[in-house]
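In what follows, a single structure is set out as structure tokens and then discussed.
The values are calculated or read from the model by the stated rules, or taken from the named source; none is laboratory data. These numbers come from a predicted model, not from an experiment. Positions of Cβ are backbone-derived with ideal geometry, glycine not excepted, and every protein chain shown enters the neighbour counts.
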Amino acid sequence: MIGVGYWGPNLIRNFSDLDDAQVVACSDLSQERLNKIAKRYPGVKWTTNYEELLRDPDVDAVVVATPVSTHYPIARAALEHGKHVMIEKPLADSAFRSLDLVERAKAAGKILMVDHTFIYTSAVRKMRDLIDSGELGDILYFDSIRVNLGLFQKDINVIWDLAPHDLSIMDYLLRAEPIAVSAIGASHAGNNIANIAYMTLRFPNNVIAHFHVNWLAPVKIRQTLLGCSKKMVVYDDVEPTDKIRVYDKGITVNGGNGSAEKRYQALVGYRTGDVLIPKIDTTEALQRVAQEFVSSIIENRAPLTDGLAGYRVVRILEAAQQSLEANGREVLLQEAVVESLSRS
């Protein structure tokens, strides 16, 4: 385990609970953090130099939970030393570096996985099941809000910090390639790092996705609306039990004859039905994350959230950053990727 700050201890706990893997060592620059891990897990070796872990022949795989700017160099070094790698979101700080890690892992025959935790929640998996069953109909829009007070980051803005969660959920549910992205934001902490942002993605077939992320909100909101042609879903991650609600609500669109007013009245009809609260299990998402990484190594297969899934999210983040710096100008995803690769 490389990095035992905010997220690392949670990962260590879940990997330690697995029967087919063993946490053997951890690394962090903070001795205080390492002391806490050593006290809780006395059998785990520790070091302030992560390169010692990469040179250790007893280490088969590494998990990286360090600042975003360090993801690429650490993961690249781990792959060069023949280790399987899982990285905390986002995969890297650019589309070029993300794709480079994907290619290096493939060349080395090693597993590369990104910790898109919400893909492994029971709620998001239930939403995917509802889509696959056809019960919801065609997807029309994806709308999410993820706001709270803090934690203000020093090296990345709020889009790079919070949006990867919802972008990964969107990628998993929609399974479609966006055409373009636009983003606007503002900084209120005097450091020119956006702490609030609004981002919009445009897809083929008139599908749209919108994201609101904010470090400066008085309340914690984690809510997603999935609008579909037959039914609609509200996913509230803050809700302790009933996280998913399926609404049999929507509109019907018909043709009409006569005057413009009569045609309009005939065009749209409203449908209101029951509200269903599906039962979902309470398995911790990180338990599934840890098991998926280990199982993909043992079975020599691509994990659910592989390097390409991480790349798809990062390229949207990078395009959103370009739009943010251009005061909201829409950026075509294909052009953004070409520009990123040419700069690198």
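Side notes on the structure shown:
- Residue in segment 92-120 that is surrounded by the fewest Cβ atoms within 10 Å (Cβ to Cβ), counting only those that are out of contact with any Lys or Arg (no Cβ under 8 Å at 6 or more places or on another chain) and in a loop (DSSP other than H, G, I, E, B): 109
- Matching entry among 209, 197 (being part of a strand (DSSP E or B), in contact with a Gly (Cβ under 6 Å, 6 or more places away or on another chain) and either crowded, with 20+ Cβ neighbours inside 10 Å or free of Cβ contacts under 8 Å to residues at least 60 places away in the same chain (or both)): 197
- With respect to being of a type in the set (Lys, Arg), within 24 Å of residue 201 (Cβ to Cβ) and part of a helix (DSSP H, G or I), residue 125 fits the description.
- Single residue of 333, 341, 317 found to be within 23 Å of residue 224 (Cβ to Cβ), modelled with pLDDT under 95, outside the structural domain of residue 181 (by TED's automatic domain parsing) and touching a helix residue (DSSP H, G or I) at 6+ places or on another chain (Cβ under 7 Å): 333
- Evaluating residue 48 against the criteria (1) in contact with a Leu (Cβ under 7 Å, 6 or more places away or on another chain); (2) buried (at least 17 other Cβ atoms within 10 Å of the Cβ) leaves one unmet condition, (2).
- Matching residues in segment 1-59 - criterion: being touching a Lys or Arg at 6+ places or on another chain (Cβ under 7 Å) and at pLDDT 95 or above: 4, 24, 25, 54, 59
- When restricted to residues that are in a helix (DSSP H, G or I), in contact with a His (Cβ under 9 Å, 6 or more places away or on another chain) and either over 19 Å from residue 124 (Cβ atoms) or polar (S, T, N, Q) (or both), segment 295-318 contains 2.
- Single unsatisfied condition, residue 124 versus (1) under 20 Å from residue 312 (Cα atoms); (2) assigned by TED's automatic domain parsing to the domain that holds residue 296; (3) buried (at least 18 other Cβ atoms within 10 Å of the Cβ): (2)
- Of the residues making up segment 10-33, those that are under 21 Å from residue 295 (Cα atoms) and in a helix (DSSP H, G or I) are 10, 11, 12, 13, 14, 15, 16.
- Boolean, residue 78 is aliphatic (A, V, I, L, M) and within 26 Å of residue 172 (Cβ to Cβ): yes
- Among the residues of segment 244-260, some residue qualifies, meaning at least one is at pLDDT 95 or above, among the hydroxyl-bearing types (Ser, Thr, Tyr) and touching a Leu at 6+ places or on another chain (Cβ under 9 Å).
- A residue that is loosely packed, with under 11 Cβ neighbours inside 10 Å, over 30 Å from residue 279 (Cα atoms) and assigned by TED's automatic domain parsing to the domain that holds residue 276 occurs nowhere in segment 236-244.
- Segment 34-61 residues that are in the same structural domain as residue 109 (by TED's automatic domain parsing) and in a helix (DSSP H, G or I), paired with ones that are exposed (fewer than 14 other Cβ atoms within 10 Å of the Cβ) and among the polar types (S, T, N, Q) (beta carbon under 9 Å, 6 or more apart): 34/48
- Residues in segment 129-158 that are in a helix (DSSP H, G or I) and surrounded by fewer than 18 Cβ atoms within 10 Å (Cβ to Cβ): 3 in all.
- Failed item, numbered, when residue 176 is tested on (1) outside any strand (DSSP E or B); (2) small (Gly, Ala, Ser); (3) buried (at least 18 other Cβ atoms within 10 Å of the Cβ): (3)
- Those residues of segment 212-249 which are free of Cβ contacts under 8 Å to residues at least 24 places away in the same chain and part of a strand (DSSP E or B), in sequence order: 234, 236
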